[in-house]
1. Quote the relative contact order of region A:83-206 in percent (integer), defining contacts as alpha-carbon pairs under 8 Å separated by 6+ residues.
2. From Cα pairs below 8 angstrom and at least 6 apart in sequence, can you work out the relative contact order of chain A, rounded to a whole percent?
3. Non-local amide H neighbours of B:V64 (under 5 Å, H modeled in plane, Pro and chain starts lacking H): which ones?
4. When chain A is modelled as a GNM with alpha-carbon springs shorter than 10 Å, which of A:T282, A:T43, A:T76 fluctuates the most?
5. Would you kindly work out the equivalent ellipsoid of the protein assembly as shown from its C-alpha gyration tensor and give its semi-axes, the square roots of five times the eigenvalues, largest first in whole Å?
6. Based on other C-beta atoms within 10 Å, arrange B:D110, B:D368, B:D140 from fewest to most.
7. With a sphere of radius 9 Å drawn around the Cβ of B:P229, what net charge do the other residues whose Cβ falls strictly inside it have (Lys, Arg +1; Asp, Glu -1)?
8. Taking a cut-off of 19 Å, what percent of all Cα-Cα pairs in region B:248-390 are separated by more than that?
Amino acid sequence: MPLRRLLPHYLMIAPFMILFAVFFLYPILSGLYYSFHAWNGVTKPEYLGFANYQKIVLSRDFATAMRNLLTYVAITVPLGVLVALGLALLVDSFVGRWANFFRNAYFMPVVLPAFLAATIWRWIYAPNFGLLNMIIGWFGAQSINFLNDTGTMLYALIAVDVWVSAGFNMIIILAGLKEIPAELYEAARLDGANKRQQIVHITIPMLGPVLFFVVTYGLISAMQVFDKPWLLTGSSFTSYGGRRNALLFPVMDMMGRAFGGVRFGEAAAYGFLLTLAIVLLTAAMFGLRRLKGWA
Amino acid sequence: MSTLSKFRFGLAGLAALAAIGTAGRAAAEDVTLQYWVYSDFGEGDALRLQQEFIKEFTAKHPGVTIDIVAKGDDDLTAGQVAGAASGNLPDVFMNAQSVGAQLVEVRALDNIYSKWMAMPESFRAQFDQDALKGCMPKPDELYCLPYTGFGSLLFRNLTVLEKAGVDTSKPPATWDEWFAQMKKVKDAGMYAIPDETLVFNSIAEIYATSGSTESWGFDWANKKTKIDPAIMAKVLKKFVDMKPLSSGTSRNDQATKDLFISNQLAFHTVGPWVNPTYEEAAKASGLKYDFTLIPGDEPGKTGGIRSYEMVGVAPGPHADLAFEFAAYLTEKAQMARWAKLLSRYNANAAAMADPEVAALPLIKVSVDAAHGAMDVAAPYFGGSVPSCYNSEVIDMASATADGQHTPEEGAKELVSQLNDCLAQ
């Protein structure tokens, strides 16, 4: 096709391409460059080869952060989707004012600022007199220090995360539910299918593409978890991750190296390791989608 | 037009052009300084007074505008580090002395020693000498002017103490007296104190009841901790003893303040910034409280920590003007007004000695507290404190209080871990 005919098309996509190049491509490429250098943000970068990557992978904090992340992702994503699916089915069973009420109520945590959510949950988890410990106390059990006991800290975070993310996922799943033709349920009912059979054999298969999006998005978000554990543990650049680093995650470690230790080269390398993990996981998800025929 | 007239016309034209040029230059000399402060300086009375300082300064400096920007602790550091990397630093800014080393490393702070020495002796003599030393890693290097600060205090809930049968007329003079009062409070079914092992600063506050700046902080030359294992063992024992008496919340938790206000918590060791909240509660719900020094092991010794916020100047074309503004802010007259308005301690010793300021109860106790307290992370500007340092201190204090180590084992292991951390 002659260039003159293509030119308007290129011109139309040019604004996006320029912005993409300036705000995405350039930072990514310069980050990749700095990841091979010792750089504090100001002085001349000093080439180190793979030393930054090696230092990170061999560090104790990296191992802890990755272990925490794996456990967190393995629990929070499926649990979050299950809760969201349950809520969506519940809200879908209501009509009119009640449907609106429940939809808004469950969505509220999504719009709540993270620091406010963390403050509320710090109160709920407070030892001795916090809401949860009061309930536990009614059953005669000992008070639990949810945010300082290394055995409970991760699960306390997962509960907060599910509480926050369920509303967002619920809205997506709810939209998917509305797209399922009513005739399918009608036919199933005529064939004698009960509610559970309708969910297993109609709802979930029909929601396949929606659930794929929710799970993939959930995985990518979970891999980058930062604000909730940071706030729940009262972290700062000089001290983060909570007791025994039980709530240390890769992005927190990366931020600490960048702004606490002023080691931007190392932080860039950390970012690339994390990006690589996210890309691989997302590719695996897309491979699974092709395999299942959801594409 | 005659030749002379043409010449005159030409001269007039040149003069007009020169005038326009001068006006252009004058306009180009208009300067806007960026002034970054902590978020609590950017609201309410504090902001109004800061704006007044700015107005007074700019009135004496035509063409100068100063934009004040308030930021949270981490945002302030991240913004200054990122600003240094991008060449877009604020001209004048606050931060804690404890992050000074990072800011010097990224060249966010100008060495203001020559400007400082050019100031009159009457100005230089106003500052608290310990606070000033904190800004001077070497004799000819000065990276900040000490600004505001605090010495930690012991807030006492008098209602709780009276219910527990404690004589509130005189505050505890020693650790033993204080601990005995804590036990009485617990026996009366209330909480004595927050869990002091959860936050680095509260651990330091209790350490100071036995130790001092000389046995705390860093030996940057040898990359070793200055913590004395024998003192730390004694302090860890105190955490073990306090554990069953504590509320389980940290000194910074909102829940801790709520417990204090609702007469369920007897003591709160913290900086004077909680006083407005407690003062408000006293008016609204009749909270009965006071503040005193944190008692140390012997009579006359006090615990607690002190820390100063600094005001720094970025290197660059506006560094002279920025220093002038920083000097104006930290000068006695402004610091005395600041102290009177907010009842808050600062690093201008001359302002603190002003009779009207010194008569304010919170200032009076704060001055004594700061003099007896331990520097929280000294020496400053020597090196960046790795994050593992604070984490190891918190982890070991919590673990020992939970019974996972004996205080002696915990102290020994902690010192070894801290040395490993600093050596990284």
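1. 30
2. Rounded, it is 28 percent for chain A.
3. Residues meeting the amide H criterion: B:V31.
4. In the Gaussian network model the winner is A:T43.
5. Working: eigenvalues 433, 357, 134 Å².
Each semi-axis is √(5λ); the values are 47, 42, 26 Å.
6. B:D140, B:D368, B:D110
7. Local charge sum for B:P229: -1.
8. 65
Bear in mind that the values in this text are calculations on the coordinates, not laboratory data. Just so we're clear, the structure is a prediction, and the values are computed from it rather than from any experiment. With ideal geometry, Cβ positions are generated from the backbone for all residues, glycine too; neighbour counts draw on all protein chains shown.
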